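The values are calculated or read from the model by the stated rules, or taken from the named source; none is laboratory data. As the structure is a prediction and not an experimental result, all values here were calculated from the model. Quick reminder, even Gly has a Cβ in these numbers, built from the backbone with ideal geometry, and neighbours come from all protein chains shown. In case anyone asks, the SASA skips ligands and DNA or RNA and just uses the protein heavy atoms, side chains included. Shrake-Rupley method; radii C 1.70, N 1.55, O 1.52, S 1.80 Å.
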Amino acid sequence: MPHRIEITLKDQVRDPRGERIKREIEHFLHLEVAEVRTIDVYTVDAALTAEQLEAAAAGPFCDPVIQEYSIDQAAAKDFDYVIEVGFRPGVTDNVGRTAAEAIGYLIGKPLAAGEAVYTSVQYLLKGALSEADAKKIATGLLCNTLIQRYQIVDAATFAAQGGIAAFVPKVSGETKAAVNEIELEVSDEELMRISRDGVLALTLDEMKIIQAHYRDPEVRKVRAEVGLGARPTDVELEALAQTWSEHCKHKIFSADVEYVDENGNKEEIKSLFKSFIQRTTADVRKALGEKDYCLSVFKDNAGVIRFNDDWSLVFKVETHNSPSALDPYGGALTGIVGVNRDPFGTGMGAKLIFNTDVFCFADPFYDKELPSRLLHPRRIYEGVVEGVEHGGNKSGIPTVNGSLVFDERFAGKPLVFCGTAGIMPAKIQGEPSHEKKILPGDVIVMTGGRIGKDGIHGATFSSEELNENSPVSAVQIGDPITQKRMFDFLIRARDKRLYRFITDNGAGGLSSSIGEMSEECGGCKLDLALAPLKYPGLNPWEILISEAQERMSLAIPPACLDEFLAMAKRFGVEATVLGTFTDSGVFHILYGDKTVAYLPLSFMHAGLPPMRIPARWEPPKNAEPKLEPAADYTGDLNALLSSLNICSKESVVRRYDHEVQGGSVVKPFTGVANDGPSDAAVHRPILDSFEAVVVGHGIVPRYSDIDAYHMAANAIDEGLRNYVAVGGSLDLVAGLDNFCWCDPVLSERTPDGPYKMAQLVRANKALYDYCLAFSLPLISGKDSMKNDFYDGNVKISIPPTLLFSVIGKMEDARKAVTMDVKRPGDLVYLLGATADELGGSEYYALKGAVGNHVPKVDAQAALATYSGYHAALEQGLVASCHDLSDGGLAVAAAESAFAGGFGVAIDLCQVPFKGDKAGRSDAVLLFSESASRLLVTVRPEKAASFEACLKGTTFAKIGEVSVDPIVTMEGINGGIVVSADLDQLKESWQSPLREL
Amino acid sequence: MTKAKALVITGNGTNCENEAAHACRLGGFDEARIAHISELMSGEVRLDDYHFLNLTGGFLDGDDLGSAKAQANRLKNATVEGKSERLVEQISRFIADGKLILGVCNGFQLLVKMGMLPALGGDYLKQSVTLTYNNAGRFQDRWCYLKCDASSPSLYTAGISQGIYLPVRHGEGKFLVDTQATLDAIESKHLACLKYSDSQYTAPTMEFPENPNGSVNAIAGICDETGRIMGLMPHPEAFVHRTQHPRWTREELPEEGDGLIFFRNAAQYIKKTF
């Protein structure tokens, strides 16, 4: 019989968790509550003696200084409603798992199979609330009903029934090991029903290709020999659906595209990925020649470049959008711990040195109707921020760089980009660490977490738009500690070279990881019955495709197997032999001694012909706003500083540990009060060296409303500009592209597919043009192509978005530069030219317009500026540098000034302008977002040397740092057009998100 | 002279082992060994062979039962493989031998939850204080000014003139006591060696964000009565070089960071004593 142990805070102890819930109920649901207190509940479903229960409650579960415990007796008192929230059966319960382990130490042996501890939380609400209010609080704030269950009990009922009865959310079921065969000799409609009902996300063409395969007499003959019928098993069909999913196969980036531009010129593109992304890197590497520093690009889980003779640098950025839309906390947590596995599963495995994160949300203060099923942007914001906080902080990886981008369309799907960099010895026992192979006969071993029903169909579900019926099981909750334990073990096994190959289990689970590994050596033979399960009741196909977290797949030479398994046991990490790699040419899956899938690798990985997608480019014609010149722009500057895209994100950033591992050199916040926004991060991965990694990024989805070509160009330039500003070197730098698009494939639901596809083509063209010009090899990336919401009535498509991450090296971290002005009397320089390019700007957004004059990047001019600036930085001539981006010169100057605690006086007449003079106005000079510009301050005695470094580029001295704590800007007609106190500017910038 | 040997325990969610070992080496330790907890439990590594035990930052067991609770339970109950000796007995012997323990952040949480701090009256296994959720209810990464009590017995803070500047990075750093008598004893014996203060180190403060968590009497770190065992929420290992300071690009700072003195004092004490 299960027991409930309830842990309460002593009466006089503050309950910050309860206080926070109270604040959120008031802010968010507009309900008044007098008080919220919380109780932790452990439901112990194990055969323990009364003494053992007591010891658990009094020992590991309770802190005697501030808490009290009760066993099988309701502790709640003095409330009007109690809401208890726990997990649904099968959802990962990390605290429950740790509690069970703690009991194991107490009683001297682990809990028996089937025994477990389940956790829940009671929220005691006091106040004049109705039952309906309590329900609103439960479903609107406390409980995500997808993964959690709740009970609401009023005080009278609670007293009458003596509390809340113990409930055990155990997954019940027996392993039947059922394998079904699916009849494909059916009508087209029926084929599509099979795909849809099974969340296979296979198109009719794909279903017909599969149908044809099973009709082949040769195939049938071979199948008969292994005891399989002519029809596919569910295991096979699921494996194919995973392998061929947009998520895994990138069908849109591999498609044949017919692109027609605005003048009717046609272009045939065979695979955007090959034509633009791979070609970019190939051409850059060719141009670099002997100086090429790329070691492993596009073929592994992450890209690898050289760091120095002894170390290689690894980087990957992923997205986790669809799961975050359904369960923001779990989705984002899984996003960060999931991307951690990419560098760890690259080459022989890298030590993780930092995370980056970029979130795109709708306005958290959104107050209009939302389609059902969509969570409020504020909940998404809270959940995602907390998920990444837990994932990053608990893993001991500093979060060093990121941003928050807001646009109403991200209500349809939030974008959650998570990046992780790692470092690995260039060689391990004499062999290059970025290379790996598998030999037939190597043993298939899975390490880490167990397999459950969590995360089934993640890969296929994210390959469709979000809809009413998106599956619950697609959501997973990550467990950073299980993963951390596994990494602690594997990195030691790596240094002993106990394995030959490692990769992660992400989308598609074992089906994908073992499927891809099998290609390395030519086949596999794997027994699903050997896989460790969280609970019984999983069918073979579920075991194969489950995306349960914290698992790596390895190929182990037979001679190393015993040592590997013994070491895993010592480190408390589960490692299980699942089979062997072969050269049979077949993906051969058994359950016990029965074959359940027998797929030729040639069919699995090459059976799919490319899609054909039309693309038609018609430049949009947006209304061009007519702005009357004003005498004063101070109000506009304050309003811009308060806009969501520009305002301070400090309340989020401080929740992320950005300093663990001790390598932090340029932190997210800097300046006299540690609160100015840094452009990029500088991080020393090796503590007794001053060589540093620099990382920055660019993202400007707004510009897609004008032209995705320039959206991409500006994202690339912004990423590089941020990187260069703090001191990143142009001699060792690489880029990562993450495309998040709305569905660009023409269909009934997407009649504007050709336009969206043309936007994608244009963004890719920009990627090639600019990365080649900047000598920026692309080393890795990812695409997420179905970022739409559709419920049959309302369709919300995100603005096409490219996140461009830049990573590279700085030889001496002690030369890094931050964005805060340093001392009065320093001269203010503006590098780069300003043009009439307010199209898509934050300034136009403030005025309710988009416009057409999008910033255009002049790569050669930019490169000259960046090279000259870097030379000056190397010589120690730069006091501060801040990049100009959202909000233009005025915002950058204000930020640098209030970060440094000194004023600046700027003369707009001095700002170098390019283009038709008719477009030169105070508003343009203040707020235009023209690319490739940096605001630099320099000590007067260093000015001459500084100017010499920049010779031949466009730049000008535009002002001076002043003792007076004010920002002033003199307009082109001589009057002061901006004048504001630093305190006022900083308050405008800090207030909007301070309380979130 | 004795070779000063430091041990940094890692595993189950400890995160700061590399920078802690680095700080030990910079501070003058001849050896700084990072040992996984499984190496202690298997008997491969013996605590007895070291002088200075570092219990450093991280999220032991994910803070799942409250910070460090699960590890405290593990150390108290788990036995060393093939022996009947529990790890806690090894640690008690280590203390009795006059050796040093520094707990930082999660390590401080572990020490108080095992009862090893403040250990009034020399009872190292009775918990009387705790560290719990910050008043703001959120994790915080920010730098804090810490006023040092020059009369404290802590050997780690000896020589700090007024105070030091270090980062805190925690969600559960609010220091609380079981009774007023405990707090009175901590204060009268000068065991609260570091307190959150204003930037001039004039007085302890209860104001956020200078006091980032709402600790009673602004207590950031305490030691036992011998001064050999100390725990603190701020991270001394995170400030051993000027480039780790948030304002190093604008202030004239010495090469060495404020946190290094902890490790230098420990190394000197060991070389002098053993």
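Filtering region B:89-146 to residues that are away from chain A (no Cβ under 14 Å) and on the phi > 0 side of the Ramachandran plot leaves B:Gly98, B:Ala119, B:Gly121, B:Gly122. When region A:107-120 is filtered for residues that are among the hydrophobic types (A, V, I, L, M, F, W, C), within 13 Å of chain B (Cβ to nearest Cβ) and not in a helix (DSSP H, G or I), only A:Val117 remains.
For residues in region B:37-72 being more than 20 Å from B:Arg93 (Cβ to Cβ) and in contact with a Phe, Trp or Tyr (Cβ under 7 Å, 6 or more places away or on another chain), which is modelled with the lowest pLDDT?
B:Ser38
For A:Arg285, state whether it is in contact (Cβ under 8 Å) with a residue 12 or more places away in the chain, closer than 28 Å to A:Arg684 by Cα, part of a helix (DSSP H, G or I) and open to solvent by 50 Å² or more (accessible area, probe 1.4 Å). Judged against the criteria, A:Arg285 is a match. Reported count of residues in region A:810-836, each being in a loop (DSSP other than H, G, I, E, B) and surrounded by 19 or more Cβ atoms within 10 Å (Cβ to Cβ), is 12. When each of A:Leu720, A:Leu746, A:Leu767 is tested for being farther than 27 Å from A:Ala864 by Cα and more than 19 Å from the chain's Cα centre (by Cα), the lone residue that passes is A:Leu746. Of all residues in region A:74-100, how many are over 28 Å from B:Arg74 (Cβ atoms) and more than 39 Å from the chain's Cα centre (by Cα)? Result for region A:74-100: 6.
Residue-level check: of (1) closer than 19 Å to B:Leu75 by Cα; (2) without any contact (Cβ under 8 Å) to a residue 24 or more places away in the chain, B:Gly137 misses just (1).
All conditions but one from (1) under 15 Å from A:Leu993 (Cα atoms); (2) within 14 Å of chain B (Cβ to nearest Cβ) apply to A:Pro377; the one that does not is (2).
For beta carbons closer than 6 Å, sequence separation of 6+ or different chains, a first residue in region A:89-116 that is small (Gly, Ala, Ser) and a second that is surrounded by fewer than 22 Cβ atoms within 10 Å (Cβ to Cβ) and in a helix (DSSP H, G or I), the qualifying pairs are A:Ala116/A:Ala100.
Against the list (1) open to solvent by 30 Å² or more (accessible area, probe 1.4 Å); (2) more than 16 Å from A:Thr280 (Cα to Cα), the condition A:Arg762 fails is (2). Listed by first and then second residue, the pairs with beta-carbon distance under 8 Å, at least 6 apart or on different chains, first residue in region B:168-193 and within 13 Å of chain A (Cβ to nearest Cβ), second part of a loop (DSSP other than H, G, I, E, B) and aromatic (Phe, Trp, Tyr), are B:Arg169/B:Phe139; B:His170/B:Phe139; B:Gly171/B:Tyr133; B:Gly171/B:Phe139; B:Glu172/B:Tyr133; B:Lys174/B:Tyr133.
Somewhere in region A:774-795, is a residue under 30 Å from A:Thr750 (Cα atoms) and of a type in the set (Val, Ile, Thr)?
Checked region A:774-795: at least one residue is under 30 Å from A:Thr750 (Cα atoms) and of a type in the set (Val, Ile, Thr).
Residues satisfying the criterion are absent from region B:195-203 (criterion: in a strand (DSSP E or B) and either of a type in the set (A, V, I, L, M, F, W, C) or within 14 Å of chain A (Cβ to nearest Cβ) (or both)).
Quick check: anything in region A:481-489 modelled with pLDDT under 85 and under 16 Å from A:Gly335 (Cα atoms)? Scanning region A:481-489 turns up no residue that is modelled with pLDDT under 85 and under 16 Å from A:Gly335 (Cα atoms). For B:Gln162, the stated conditions hold: it is polar (S, T, N, Q), open to solvent by 10 Å² or more (accessible area, probe 1.4 Å) and more than 29 Å from A:Thr399 (Cβ to Cβ).
Give, as residue ranges, the strands (runs of 3 or more DSSP E) completely inside region A:17-106 that count at least 1 residues that are closer than 24 Å to B:Val216 by Cβ, at pLDDT 95 or above and away from chain B (no Cβ under 11 Å). Passing ranges, in order: A:35-45, A:67-71. Total residues in region B:23-60 satisfying the condition of being of a type outside the set (Asp, Glu), under 20 Å from B:Ala267 (Cβ atoms), open to solvent by 30 Å² or more (accessible area, probe 1.4 Å) and in contact (Cβ under 8 Å) with a residue 24 or more places away in the chain: the figure is 3.
Would you check if A:Gly349 is assigned to a helix (DSSP H, G or I) and either under 14 Å from the mean Cα position of the chain (by Cα) or surrounded by 24 or more Cβ atoms within 10 Å (Cβ to Cβ) (or both)?
So A:Gly349 does not fit the description; no.
Here's a check for you: in region A:654-671, which residue that is of a type outside the set (D, E, K, R), in contact (Cβ under 8 Å) with a residue 40 or more places away in the chain and within 7 Å of chain B (Cβ to nearest Cβ) is surrounded by the most Cβ atoms within 10 Å (Cβ to Cβ)? Here the answer is A:Val660. Residue count for region A:415-433 satisfying the condition of being in a loop (DSSP other than H, G, I, E, B), in contact (Cβ under 8 Å) with a residue 40 or more places away in the chain, more than 25 Å from A:Phe571 (Cβ to Cβ) and not aliphatic (A, V, I, L, M): 0.
Figure legend. Inter-residue proximity from region A:482-507: first residues on the phi > 0 side of the Ramachandran plot and in the same structural domain as A:Ala559 (by TED's automatic domain parsing), second residues of a type outside the set (A, V, I, L, M) and not in a loop (DSSP other than H, G, I, E, B), beta-carbon distance below 9 Å, spacing 6+ or different chains. Indicated pairs: A:Arg497/A:Glu431; A:Arg497/A:Cys560.
None of B:Ala23, B:Ala35 is over 16 Å from the mean Cα position of the chain (by Cα) and within 13 Å of chain A (Cβ to nearest Cβ) except B:Ala35.
Does A:Ile428 fit the bill of being within 14 Å of chain B (Cβ to nearest Cβ) and open to solvent by less than 20 Å² (accessible area, probe 1.4 Å)?
No.
Restricting attention to region A:674-691, the residues that are more than 25 Å from the chain's Cα centre (by Cα) and at the interface with chain B (Cβ under 9 Å from one of its Cβ atoms) add up to 4. If I filter region A:909-929 for residues that are open to solvent by less than 10 Å² (accessible area, probe 1.4 Å), modelled with pLDDT of 95 or more, under 25 Å from A:Asn645 (Cα atoms) and part of a strand (DSSP E or B), do I get at least one hit? No; the residues of region A:909-929 include none that is open to solvent by less than 10 Å² (accessible area, probe 1.4 Å), modelled with pLDDT of 95 or more, under 25 Å from A:Asn645 (Cα atoms) and part of a strand (DSSP E or B). Quick check on A:Lys126: is it more than 11 Å from chain B (Cβ to nearest Cβ), touching a residue at least 24 places away in the same chain (Cβ under 8 Å) and basic (Lys, Arg)? Yes: the conditions hold for A:Lys126.
Among the residues making up region B:234-260, those that are free of Cβ contacts under 8 Å to residues at least 12 places away in the same chain, part of a loop (DSSP other than H, G, I, E, B) and facing chain A (nearest Cβ under 10 Å) are B:Arg247, B:Trp248, B:Thr249, B:Arg250, B:Glu251.
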